[in-house]
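Quick notes on the structure that follows.
The values are calculated or read from the model by the stated rules, or taken from the named source; none is laboratory data. Keep in mind that what you see is a predicted model, and the values were worked out from it rather than measured. Heads up, the Cβs are rebuilt from the backbone with ideal geometry, glycines too, and the neighbour counts pull from every protein chain shown. The protein model used for the area step is the full one, side chains on, heavy atoms only, and it has no ligands, DNA or RNA in it. Shrake-Rupley method; radii C 1.70, N 1.55, O 1.52, S 1.80 Å.
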Amino acid sequence: MSSSISQDAQISLPCVSWEQFELVESSFAGIAGVKFIYFDGILEIMSPSSEHEDDKSTIGLLLEAYMQMTGIRFYTRGSATLGNKAIGGRKEPDESYNFERKKPIPDLVIEVIITSGSINLLQLYHRLAVPEVWLWKNGILTVYHWHENNYAQERQSYFLPNLDLDMLVKYISYHDQYDAVKDFIKQLKGS
């Protein structure tokens with residue numbers, strides 16, 4: 001009998017110093033499937049659900065198919081850890097990309113939210129100077145782009161202005177990941 005976790009398992013710990021965070025993180029070294037978010041003294045420890053991982057992968061596959069088909073030069077950064085003690089935060093994004101060339105900070109970060117924690121991800125990504133953040137939650141894709149000292153919710157991506165986000169959402173929510181990518185590519189080709 002197999003079971004799958006439908007919600008992210010998560011714990012939030014307040015009043016944690018950077019040194020305590022690093023100690024906790026190092027004690028989990030070598031244990032697969034555990035992620036950490038640290039921001040301004042709050043530590044969240046999470047074990048992503050299969051739904052989280054499926055959605056994250058589907059979004060990445062669809063986006064990469066779109067960018068390859070439209071000739072957009074991109075670099076997949078995946079979930080490379082961002083942040084340090086100086087900014088008071090550290091996190092592995094679910095997916096992230098640079099456009100045109102490799103850069104130390106991604107141009108676009110994508111977060112799949114199954115269980116909300118107490119950390120404001122937009123504030124964390126603001127400190128990291130990430131220009132665009134996409135949040136996928138409950139079947140809704142919300143795009144935020146940095147404008148004049150704050151993130152503003154947008155109808156389109158700044159970096160991918162011709163991407164039909166309604167069509168993208170349709171395929172993120174599709175019945176099957178393989179079919180989603182195959183049918184999305186057909187739709188892009190106009191077949």
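Points to keep in mind about this one:
- MRE, 222 nm, helices only [DSSP H, n ≥ 4, -39500 (n - 2.57), over the chain, to nearest 500]: -9500 deg cm²/dmol
- Solvent-accessible area, 1.4 Å probe, carbon plus sulfur percent, for the chain: 50 percent
- For the pair Q177 and E19, a Förster radius of 30 Å applied to the C-beta separation gives a FRET efficiency near 0.15, rounded to the nearest 0.05.
- Gain upon complete extension [E154, D54; 0.36 nm per residue less C-alpha separation]: 33.5 nm
- Taking other residues whose beta carbon is less than 9 angstrom from the beta carbon of T81, and scoring Lys, Arg as +1 and Asp, Glu as -1, yields +1.
- Rolling a 1.4 Å probe over the protein heavy atoms gives segment 135-191 an accessible area of 67 Å² per residue.
- Point-to-point label distance, S26-K85, nm (Cα→Cβ direction, 7 Å offset): 1.1 nm
- Residues of segment 121-137 with amide N under 12 Å of the 7 Å Cα→Cβ point at K103: 129-133
- Theoretical FRET efficiency, 1/(1+(r/R0)^6), r = Cβ-Cβ of H147 and Q187, R0 45 Å, to 0.05: 0.90
- Degrees between helix 50-70 axis and first principal axis of the chain (Cα, 0 to 90, nearest 10): 50 degrees
- Farthest positive-ward along the chain dipole, Cα basis, beta-carbon charges - from Y178, I105, L13: I105
- Across the alpha-carbon atoms of segment 1-82, the computed radius of gyration and Dmax are 16.4, 47 angstrom.
- Protection proxy ranking for 89-96, 145-152, 177-184, 36-43, using the average of other Cβ atoms within 10 Å per residue and placing the highest first: 89-96, 36-43, 177-184, 145-152.
- Taking a sphere under 15 Å around the Cβ of P14 and counting the other residues whose Cβ falls inside, with K and R at +1 and D and E at -1, yields a net charge of -2.
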